[in-house]
Amino acid sequence: MKNTESENTTPTTSNDASKKKTLEDDDEFEDFPADVWQNYEKVQNKTNIQNDLWEDDWDDVEVDDDFTKELRAELEKQKQSQNQNQNQNQ
Amino acid sequence: MIKIDSELGPTDAVDIDLYFKKKYSDSGFYLFLSATKKEHQCTFLLQSSDDKLAKLYNICIKLHAGAYNILSLCQEQVRIMNRISETETDWITEPLWFVCHQMIQYCSTDTAQLENCGRLIHRSFNLCLNDRNPVLSSNRKSGSYSLANLEFIIYHKLKNRDMMKNLVKVLQSRNMDIIMDQPSNKEKNSIKVGHMVRYYYYLGEYYGCFESDFNKASTFLSIALLHCNFNYKTHIAKILVLLVPFVIVSRKMYPNEKVLTQLLSATGQYGEKLFKFIIQLVYCLKSGDIHGYDKFVSSNEVFLLKNGIYVAMCHIRELVFLKFFKTCTKMIGNNKTIVPLSSIAEVYGNYSQRKKKIRRLINMKSKKDTKIPIDITSLENKEMNENMDELECLLANLINKGFIKGYLSHSNRCIVLSKNDAFPHLSSSL
């Protein structure tokens, strides 16, 4: 067993700024601080999350924006050129 | 997670024997176990002649004096605590977690060190899990969740998925991968909720990121979210970055913008980025902007891989395509049940871009050899056929999954949609 201890260890109790890593740098799910549960406000109680968080109308909702406008125009163009082709063939 | 009360002064004395007699722990006991250097603080008294307790006492005093080999002392401490715990009831699990957790804090990223610590914690985990005490209220098993979390932490640091898999297998074999009841005791509860949130987060991450079991992952992660402390936004963000894509894939539902704003308010840069990310994702899903989605995924590749949601995003593409196709059929319209694939293939193949590609190809060829004429129409036809093949493939999969009702006619290059309810409603409640 190794008993050498390197410098890059940080004790839990230290409150220095270096501990405040952003989630981007840190892959881990950080420890909850010691006093976190003293003013415990459950997400469940604080928001109406269970009823309101998830919506399911995405497959029915009609979006009207640049993308759909372009798509409509493109499809329209195609229809016309197909019609033209048919006319020519006749 | 345990708060150490440092109000104890030099005149105070902490009776260690008492904790083992009365079978409880408080801040005095954690101060005793803590490895931080202590000067002019209270004294700790031990009268018991028990070998193991004496050994623990010596280790703790060495740590208090400010030892240079903190990690190896912490490992000794865990080892002796493991032996002590064998004959104690559930009260010991929280102190046991404390010393294990403390050991991790002093462990570097060195693989051998991490593995050593992992073995010690696994021993602690096992002696909790395999407690044969028939009195359930004092059985150490209740502590095994928190120790499993510490194992997860180590395996994450080791980036070792196999070890995680083994741990989950053990948990499965003991039916510990199901939603457990909450403890009734209020004070006990508050500590355990923290372990629980973390435990469900890890299980959700495991099933979603490693096993692609998005349904199971969604269940675990939403329990973690519901019980998380509302004020700890970074944890909420960390849960949501997995939960949102997993729920879209498995339950075909997306998050409400208002609630999302509430959950992610004041999360700083990461929260803002996550918020924008989710909004963009939801937009693609709603509009069926398949080209926008592909661009969105490729520009966020690193973020997706880092968070383990790349595979989920590939599954979501199928749903974005479904919406794209549905929108197209509506636009072609007039309630036609027979939809030719050619026109949709044109828009799906991002025609203008492909044309540019063909032109570039022609330019390249013409520079090399000007004598061979190039048949542009045949090149375009080839492109068109490839597009239609891809389209048929995607549609066949959607029909197979029951997302579209209808059938494909390959010879006519068209899809025949069911007269009623060709696009059934997909969501299933959480």
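Can you tell me which residue in the stretch B:212-229 is nearest to B:TYR202 (Cα to Cα), limited to those that are among the polar types (S, T, N, Q) and open to solvent by less than 10 Å² (accessible area, probe 1.4 Å)? That would be B:SER218. The helices (runs of 4 or more DSSP H) found entirely in the stretch B:295-351 that carry 3 or more residues being farther than 29 Å from A:GLU76 by Cβ are B:301-306, B:310-332. Residue check: is B:PHE98 open to solvent by less than 30 Å² (accessible area, probe 1.4 Å), among the aromatic types (Phe, Trp, Tyr) and either touching a residue at least 60 places away in the same chain (Cβ under 8 Å) or in a loop (DSSP other than H, G, I, E, B) (or both)? Yes. Could we say that B:PHE20 is over 20 Å from B:ASN139 (Cα atoms), more than 14 Å from every other protein chain (Cβ to nearest Cβ) and either of a type in the set (Gly, Ala, Ser) or more than 37 Å from the chain's Cα centre (by Cα) (or both) here? Against the criterion (over 20 Å from B:ASN139 (Cα atoms), more than 14 Å from every other protein chain (Cβ to nearest Cβ) and either of a type in the set (Gly, Ala, Ser) or more than 37 Å from the chain's Cα centre (by Cα) (or both)), B:PHE20 does not qualify.
Taken residue by residue, the stretch B:282-289 has at least one member that is out of contact with any Ser or Thr (no Cβ under 9 Å at 6 or more places or on another chain), of a type in the set (Ser, Thr, Tyr), surrounded by fewer than 23 Cβ atoms within 10 Å (Cβ to Cβ) and closer than 20 Å to A:VAL63 by Cβ. Got at least one residue in the stretch B:38-48 being in contact with a helix residue (DSSP H, G or I) (Cβ under 7 Å, 6 or more places away or on another chain), assigned by TED's automatic domain parsing to the domain that holds B:ASN116 and within 30 Å of B:MET196 (Cα to Cα)? Among the residues of the stretch B:38-48, not one is in contact with a helix residue (DSSP H, G or I) (Cβ under 7 Å, 6 or more places away or on another chain), assigned by TED's automatic domain parsing to the domain that holds B:ASN116 and within 30 Å of B:MET196 (Cα to Cα), which makes the answer no.
Of everything in the stretch B:252-268 that is within 20 Å of the chain's Cα centre (by Cα) and on the phi < 0 side of the Ramachandran plot, the residue that is modelled with the lowest pLDDT is B:THR267. Of B:VAL241, B:VAL302, all but one fail to be more than 7 Å from every other protein chain (Cβ to nearest Cβ), within 22 Å of B:ARG161 (Cα to Cα) and open to solvent by 50 Å² or more (accessible area, probe 1.4 Å); the exception is B:VAL302. May I ask you to list the residues in the stretch B:73-92 that are out of contact with any Pro (no Cβ under 8 Å at 6 or more places or on another chain) and open to solvent by less than 10 Å² (accessible area, probe 1.4 Å)? Scanning the stretch B:73-92 gives B:CYS74, B:GLN75, B:GLN77, B:VAL78, B:ILE80, B:ASN82, B:ILE84, B:SER85, B:ILE92.
Of the numbered criteria (1) small (Gly, Ala, Ser); (2) surrounded by 14 or more Cβ atoms within 10 Å (Cβ to Cβ); (3) within 26 Å of B:GLY402 (Cα to Cα), the one B:GLY333 fails is (2). From the list B:GLU205, B:GLU211, the lone residue that is farther than 15 Å from A:GLU30 by Cα and acidic (Asp, Glu) is B:GLU211.
Restricting the stretch B:6-52 to residues that are within 21 Å of B:HIS101 (Cβ to Cβ) and aliphatic (A, V, I, L, M) leaves a set whose member that is modelled with the highest pLDDT is B:LEU33. Checking B:ASN231 against (1) part of a helix (DSSP H, G or I); (2) more than 17 Å from the chain's Cα centre (by Cα), which single condition isn't satisfied? Here B:ASN231 clears every test but (1).
Residue pairs whose Cβ atoms lie under 6 Å apart, separated by 6 or more positions or on different chains, with the first residue in the stretch B:193-207 and more than 9 Å from chain A (Cβ to nearest Cβ) and the second open to solvent by 10 Å² or more (accessible area, probe 1.4 Å) and of a type in the set (D, E, K, R), are B:TYR207/B:ASP213; B:TYR207/B:LYS216. For the stretch B:257-279, a residue qualifies if it is of a type in the set (Gly, Ala, Ser) and either at the interface with chain A (Cβ under 9 Å from one of its Cβ atoms) or crowded, with 18+ Cβ neighbours inside 10 Å (or both), and the qualifying residues are B:GLY268, B:GLY271.
Out of the stretch B:120-132, which residues are part of a helix (DSSP H, G or I) and either within 11 Å of chain A (Cβ to nearest Cβ) or farther than 15 Å from B:CYS74 by Cβ (or both)?
Result: B:LEU120, B:HIS122, B:PHE125, B:ASN126, B:LEU127, B:CYS128, B:LEU129.
The values are calculated or read from the model by the stated rules, or taken from the named source; none is laboratory data. Predicted model, so just to flag it, every value in this text is computed and none were measured. Don't worry about glycine lacking a Cβ; one is built from the backbone with ideal geometry, like all the others, and counts go over all protein chains shown. Protein only, heavy atoms only, side chains kept; ligands, DNA and RNA dropped before computing areas. Shrake-Rupley method; radii C 1.70, N 1.55, O 1.52, S 1.80 Å.
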